[in-house]
1. Calculate the spin-label point distance for LYS246 paired with SER213, positioning each point 7 Å from the Cα along the beta-carbon direction, and give it in nanometres.
2. Hey, which of these cross-link pairs are over 30 Å Cα-Cα: LYS246/LYS298; LYS114/LYS246; LYS86/LYS246?
3. For the cross-link pairs LYS59/LYS177; LYS19/LYS174; LYS52/LYS141; LYS116/LYS211; LYS59/LYS104, which exceed 28 Å when the distance is taken from alpha carbon to alpha carbon?
4. I want to make sure I understand the PRE zone here: with the label point 7 angstrom from the Cα of ASN204 toward its beta carbon, which residues in the stretch 82-108 have backbone N atoms less than 15 Å away?
5. How much length is gained if the chain between ASP146 and SER112 is pulled fully straight, taking 0.36 nm per residue apart and subtracting their Cα-Cα distance, in nm to one decimal?
6. When the chain is fully extended, how far beyond the present Cα-Cα distance does SER14 get from SER155, taking 0.36 nm per residue of separation?
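Computed from the coordinates by the stated procedures, all read-outs in this text should not be read as laboratory data. Not measured: the values here are computed from a predicted model. Here the Cβ positions follow ideal geometry from the backbone for every residue, glycine too, while neighbour counts run over all protein chains shown.
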Amino acid sequence: MELLQISEKSDKKSLGRAKLSYDQALKYSPQNNISCLGENLFEPEGILSAIKTLIQVNKNPEAYMSPDFRSGSDKIYDFPSAPEYKDVDIESILEDEVSVHFNKLSFEMLASDKYKDEWWVPIRDILMENLQDIPSGLEVKYFYGDDTIKGSRVSDIFHEDEEPYQMFAYLFGKELKIFSCFVNTNISINCYYFQDRPYVIHENFGLWKGKLSDFLLSAELLSDAISKIPRDNMAANSWREKMFYKLSGEVKLMHPELGFISMEPEKKEFRPSLTLTDFKYNIPQTLIISKHAEDCLKKEDLTYM
């Protein structure tokens, strides 16, 4: 099913698409420094840590919430730390179906400049070769001719006697798209939906449903494949260093019985009130929301969509 069809049928007001405010983050997620998104898009060890923490939080969810927190208050609240998860076994939930929401997710990296004459090599010979067995599925398309409706031809095979002008690789049932073209050695991964011609963008949201084990393995394989792409010495090229990688947006992993994990690429700091100008609350790097906390959130007015 196409991404646009899926998202049109999904609830636009659901927590899957909701952007939590900092107040809500502080109230409902324990403190943690778990990184789930990073230099190679996914950080598999961080995702596993977040899932184990989510399991532990559900054993006593109210202990990891600060429901009385209000940003305008002068009181400095003691926000709970994440629980220990060393002995948590996730085997029992690996076959559970989860929903993975890609909200405005955008990842861009710059492959080595040595590929500038054969821009397709990193994505075709490195990424695609390492993603052949990815559980989320893989579909590759090459575009030949010119970038016009009449002149463009699409093929699912690479023609050795003709250079393509761009290529796409679809993951998670077309919810994530890997893109590269002849302009430079950039490789981008995002959840834009394209229709008719590749550059007609409709929305920046994806929804994939499948087994937790399939998501975890797919994330690990994609991260490992990205890490294998050669990159130049960034210290020698400051302008290229800025393009080393760019990552923004959110991946939200939702489990029907446990709650959800909101993954973003960097930690934020929040100054809640002018009356506390010398104090900053540290936002959890990854929002880990128990099922109980999720039910509490559903009762609130979610204005951050």
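1. Modelled inter-label distance: 3.9 nm.
2. Too far apart for the 30 Å limit: LYS246/LYS298; LYS86/LYS246.
3. Going by Cα-Cα distance, LYS59/LYS177; LYS52/LYS141; LYS116/LYS211; LYS59/LYS104 fall outside the 28 Å limit.
4. 102-108
5. Full extension from ASP146 to SER112 adds 9.7 nm.
6. That pair, SER14 and SER155, stretches by 47.1 nm at full extension.
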